[in-house]
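Working notes, beginning with the structure itself.
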Amino acid sequence: MREPIGRIEVSGLTKHFGGVAAVDDVSFVVEPGSVTGFLGPNGAGKTTTLRMVLGLVRPDQGRATIGGTLYTDLATPIELVGAALESTGFHPGRTGLDHLRIYTAAAALPRSRASEVLELVDLSHASNRKVGGYSLGMRQRLALATALLGDPAVLILDEPANGLDPEGIVWLRRFLRDYAAGGRSVLVSSHVLTEMQQLVDRVVILHRGHVVQQATLADLTQTHGNLESAFFDLTASQEPLS
């Protein structure tokens, strides 16, 4: 049976750096039509895991597939997966529109797509401004626009609300929920637990390189009261690694 195109399956991912297990036997699934929150304290291994899912870091063990295929084996990854792991790396002397047009040309996408995604992220008003003059929140929107260029079935985002004002955070929440409601998969890593409480359907909590919980938000809140309490209960109860 063929896997759904937007299904992310992480199975036994393990990665050591200098003898230290940054990620240890991590497994979880992200289903189409849902927003999954990927949570954990600093140093828990979240970013390393996301980088392994995207083929940027080679795991020591395990595998991560999207629609049953390794990211590195996807024929046209930009059309299946959109990722924004940071809001840096933009050339400060280029405009937001020029930045996106470079990507559309490289991916053989229609030139008009650059303007379309700027409108999607409410950044059209700054399309001809140089990125060096963008605020952090504007760079976050540009990073999201870049991830959306291929109209992907999967979005993988690391701290997408960082730098957004309250209005921008509400806009992002609605955008991601609508995106998932269209049958797509959204995996979001964040430290903002109160916002995750209002955004996600499912939660994967990572601590010291291990998955300590994966469940629906409804199940977690029924047991712990709210996501913040669940997070601290689950991460505080784990024994330190030897």
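Computed over neighbours whose Cβ is under 13 Å from that of residue 221, the net charge equals -3, Lys and Arg +1, Asp and Glu -1.
Note on the chain: with a GNM built from Cα contacts shorter than 10 Å, the maximum mean-square fluctuation among 159, 167, 86 falls on 167. Full extension of the chain segment joining residue 25 with residue 181 gains 53.1 nm, where the gain is 0.36 nm per residue of separation less the Cα-Cα distance. Per residue, the chain reaches -10000 deg cm²/dmol at 222 nm when only DSSP H runs of four or more residues are counted, each adding -39500 (n - 2.57). Placing unit charges on each Cβ (+1 for Lys and Arg, -1 for Asp and Glu) gives the chain a dipole about its Cα centre, and among 162, 103, 14 the Cα reaching farthest toward its positive end belongs to 103. The convex hull defined by the C-alpha atoms of region 137-184 has an orientation-averaged projected area of 3.1 nm².
Here region 72-115 is treated with +1 on each Lys and Arg Cβ and -1 on each Asp and Glu Cβ, and its dipole about the Cα centre works out to around 260 debye. Taking 125, 224, 99 as the candidate residues, the one with maximal mean-square fluctuation in a Gaussian network model of the chain, Cα springs under 10 Å, is 125.
The Rg/Rh ratio for region 48-88, using Cα coordinates for both the radius of gyration and the Kirkwood hydrodynamic radius, is 0.96. In region 18-70, the C-alpha radius of gyration followed by the widest Cα-Cα span (Dmax) gives 11.8, 38 angstrom.
Computed from the Kirkwood radius of its Cα pairs, the Stokes-Einstein diffusion coefficient for region 143-242 at 4 °C and 1.567 mPa s stands at 88 µm²/s.
For region 55-204, the relative contact order works out to 26 percent when only alpha carbon pairs closer than 8 Å and six or more residues apart are counted. Across region 126-242, the relative contact order, built from alpha-carbon pairs under 8 Å that are at least six residues apart, equals 18 percent.
Reported value for region 1-143: 146 Å³ per residue, from the convex hull of its C-alpha atoms.
In whole angstrom, the chain maps to an equivalent ellipsoid with semi-axes of 30, 21, 17, each derived as √(5λ) from the alpha carbon gyration tensor and ordered largest first. Put a dot 7 Å past the Cα of residue 125, heading toward its Cβ, do the same for residue 236, and the two dots end up 4.3 nm apart. The modelled label-to-label distance between residue 135 and residue 105, using points 7 Å beyond Cα along the C-beta direction, is 3.1 nm. Using the Cβ of residue 94 as centre and a radius below 11 Å, the other residues enclosed give a net charge of +2, where K and R count +1 and D and E count -1.
Each value in this text was obtained by applying a stated rule to the coordinates, not by laboratory testing. These numbers were taken from a predicted model, which means no experiment stands behind them. Cβ sites come from the backbone with ideal geometry, for glycine too, and all protein chains shown count toward neighbours.
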